[in-house]
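Working notes for the structure below.
A short reminder: the numbers here are calculations on the coordinates, not readings from a lab. These numbers were taken from a predicted model, which means no experiment stands behind them. Every residue, glycine among them, receives a Cβ derived from its backbone with ideal geometry; neighbour counts consider all protein chains shown.
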Amino acid sequence: MDMDAIEVRNLTKTFRVKIKPPGLKNSFKALFKPQYRWIEAVKNLNFTVKSGETLAFIGPNGSGKSTTIKMLTGILFPTSGEARVLGFNPWKERKKLSFHIGSVFGQKSQLWYHLPPMETFYLFSKIYELDFHTFRQRLDYLIDLLEIKSFIHTPVRKLSLGQRMRAELVACLLHKPSIIFLDEPTIGLDVVAKQILREHIRTINRTEGTTIFITSHDAGDIETLCERVIILNLGKIIYDRDVNGLKKMYLHRRVIEATLNTPGKDPFTCKGCTLLEKTDYKLKVTVDTHWNSTRDVINQLLNQYDIEDITITEPPLEEIIRQIYKEQEEE
Amino acid sequence: MGKSMIKKFIKYWTIFSIELKNHFVYLGDFILSNLSIVVAYFVSVQLWLIGYGTRQEMAGIYKQELIWYLLVVQVIHFSVDYTLMLNIEEDVQSGNITNYLNKPYSYLLYTYCISSGKVVLNLIINFSISLLMALFFAKSFVPPLGGVLQLFPILFLGFLIHFILQCICGIAAFWLERATVFVWVLNTVMLVLGGGLIPIDAWPDSLKPLADYTPFSAIFYYPAKLFIHFKFDLFLHFLAGQIFWVFILGSLLLLEYRRAIRKLDINGG
């Protein structure tokens, strides 16, 4: 558990992008004298991931998440810097590394659309050079684990997205990879399918010690799956701690929702509070605990209104992440 | 052959066979989409028959032989994978290439196996359809045994040359925004300069060297010519020519591919 599965040092990736000036004349000029600008997609990244760790690698669109994954899987060459994945240099030893890693890109399927998943599994067993006995044993195990027996012989085009993603996960795990890279694996799934997929990923991490490297825009993925989170913005790491630490650091707000017995007429004002919603029988406020305690706010509510019920919640992780992005933009 | 070589062969063979299975799912549709060869072959035969008029022979090719020459070139034309270049461009621009590059195989060999799966099935269907038509138009011509047997190596290498040319243009998508600019030009030039419309025997003498200095005749003319006029020394000459082009174009493709992979830019997502 102590060995580093991934080690990244000063990793930088710069892209050259063609500038397209407006107007026909400028378009014609650009044919002969094209102009370019450089985009630093990833800037000087430094981090390590321990073997068996579950890491969420998150950030807004264009923050450099996918570029980093592509460098770590050997698809992209970096502009500068070093990386070791399971001791391999990903871009120099891409093929060797590919025997030990798996990946699921939520928006890009690796299953054969018109054929049943079983055909892709068989193909992958040959691609990863597994002997038939090992393949059969592993497949039987994964079929039970991910509960895909009922649709293994159904063409992929006829599967629901949730079933398809489970089949994608089986395809990615057939060769028993030490690390799996999951790029938005729950995208487009309904609440139940998301939950099922998350449970399966967690089981794989626990039973096989597989390192999970996940990018997602869904805070639920991070909350339920990951121990640690790295937040990336504009190609730089802006946060790298455990998920609980993230909550503690930013959870200085509470949401208080009160149901009233009789309509509350007076406006509610209180130090450190922001009114979110007010109707005759309902009141919703947020409290910044740096300015006021939750207890004092509840006392004031009880004094001011005839209250039937009261609930206190923490803001969801999604809101915390949004706040971090916002703070960065302001800086 | 070592154990790892056998595993590699099985790997690529499985890729080839899964592509075949993929087409078998909609075999009916696949056969129907190949029926356009009936019209194309019929029209080209009729045009040439008018061209021959009352003559039985032109540029050393008899009328009956020409019908079979046209059969071979039309079957090749309708069987080669013209979508390959577009598929590579699509893989590069959509970022789908990421699903191929993170697997333990060569992207080029993977693409070759996929393309070959399609070509082999096309070849069987197109050949079966047009064979019936050729037998109807020129039943008295019996192709020499060597002419039939040569099809295996000469067609294989011809298709390989076609594949390499398509790849060279498709991989240009790594640099260009659209590689499709080449599609029409390459495909037309290939057919015309390859002897796909007019046999090279019937070209003016001043143009004939063009066939020697370009690889296109190795795709269309070589197998069709040997099918009707098989001579062993001509077979060896054509075979050597094809090996030469495979070597030259293959080296060019590998060089281009290695450079392309280093400059791969895939946007996020």
Hey, with R₀ at 30 Å, roughly what FRET efficiency would A:Tyr281 and A:Asn244 work out to, going by the Cβ-Cβ distance, to 0.05? 0.25
For segment A:49-114, state which GluC sites (Glu not before Pro) are in a DSSP loop and have at most 16 other beta carbons lying within 10 Å of their beta carbon. A:Glu93
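In percent, what relative contact order does segment B:3-262 have, based on Cα pairs under 8 Å that are 6 or more apart in sequence? Please report the intermediate quantities before stating the final value.
Working: 257 pairs, mean separation 69.7, N = 260.
Across segment B:3-262, relative contact order equals 27 percent.
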Which ³J(HN,Hα) values in Hz, rounded to whole numbers, follow from the phi angles of segment A:163-175 under the Karplus curve 6.51 cos²θ - 1.76 cosθ + 1.60, where θ = phi - 60° and Gly and Pro get x? 5, 4, 5, 5, 5, 4, 5, 4, 4, 6, 9, 3, 8
Gaussian network model of chain A, Cα within-10 Å springs - most flexible of A:Asp280, A:Asp190, A:Asp221: A:Asp280
For chain A, just give the cysteines left without a disulfide-compatible partner, judged by no other Cys Cβ under 4.7 Å. A:Cys172, A:Cys226
Could you compute the FRET efficiency for A:Glu129 and A:Ser51, with r as their C-beta to C-beta distance and R0 at 22 Å, rounded to 0.05? 0.40
Where a label projected 7 Å from the Cα of A:Thr224 along Cα→Cβ would reach, residues of segment A:46-65 with amide N under 18 Å: A:54-57
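Roughly how big is segment A:252-313's charge dipole about its Cα centre, with Cβ charges of +1 (Lys, Arg) and -1 (Asp, Glu), in debye to the nearest 20?
Roughly 240 debye for segment A:252-313.
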Computed E for A:Arg16/B:Ser94 - FRET, C-beta separation, R0 22 angstrom, nearest 0.05: 0.65
Given a cut-off of under 8 Å on Cα pairs at least six residues apart, what relative contact order in percent is computed for chain A? 18
Expressed as a whole number, the average count of other chain Cβ atoms within 10 Å around the Cβ atoms of A:14-21 is 1
Looking at chain B, which longest stretch skips every one of the trypsin sites (Lys or Arg not before Pro) that is in a DSSP loop with at most 16 other Cβ atoms within 10 Å, leaving the sites themselves out? B:56-138
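Counting only complete DSSP H runs, which helices of chain B cover 20 Å or more along their long axis at the Cα atoms and score a mean Kyte-Doolittle of -0.5 or above? Mind dumping the intermediate values first?
On the way: long enough: B:3-24 (31 Å, -0.10); B:36-52 (24 Å, 1.71); B:63-79 (24 Å, 0.89); B:107-137 (43 Å, 1.56); B:151-171 (29 Å, 2.31); B:232-262 (45 Å, 1.12).
Helices passing the filter in chain B: B:3-24, B:36-52, B:63-79, B:107-137, B:151-171, B:232-262.
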Give the long-range amide H neighbours of A:Thr215: residues separated by 5 or more places, or on another chain, with amide H under 5 Å away, using H modelled in the peptide plane at 1.01 Å from N. A:Phe57, A:Leu182, A:Asp183, A:Glu184
Using θ = phi - 60° and the Karplus relation 6.51 cos²θ - 1.76 cosθ + 1.60, list the HN-Hα couplings for segment A:232-246 in order, rounded to whole Hz, with x at every Gly or Pro. 10, 9, 6, x, 10, 6, 10, 7, 8, 8, 6, 4, 4, x, 4
Please compute, for peptide B:191-197, the average count of beta-carbon atoms on other protein chains lying within 10 Å of each residue's beta-carbon. 0
Protection proxy ranking, peptides B:72-85, B:238-251, B:190-203, average beta carbon neighbours within 10 Å, highest first: B:72-85, B:190-203, B:238-251
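Using Cα pairs under 8 angstrom and six or more residues apart, how large is the relative contact order of segment B:23-159, in percent?
Value for segment B:23-159: 37 percent.
Sort out the exposed loop trypsin sites (Lys or Arg not before Pro) in chain A (DSSP loop, at most 10 other Cβ within 10 Å) and tell me the longest stretch that has none.
A:93-264
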Per-residue HN-Hα couplings for segment A:181-187, Karplus 6.51 cos²θ - 1.76 cosθ + 1.60 at θ = phi - 60°, whole Hz, x for Gly and Pro? 9, 10, 9, 6, x, 9, 4
Would you kindly state how much longer the chain becomes between B:Val148 and B:Leu32 on full extension, computed as 0.36 nm times their sequence separation minus their alpha carbon distance, in nm to one decimal? 39.1 nm
B:Val185 paired with A:Arg322, simple spin-label distance in nm, labels 7 Å along Cα-to-beta-carbon: 5.1
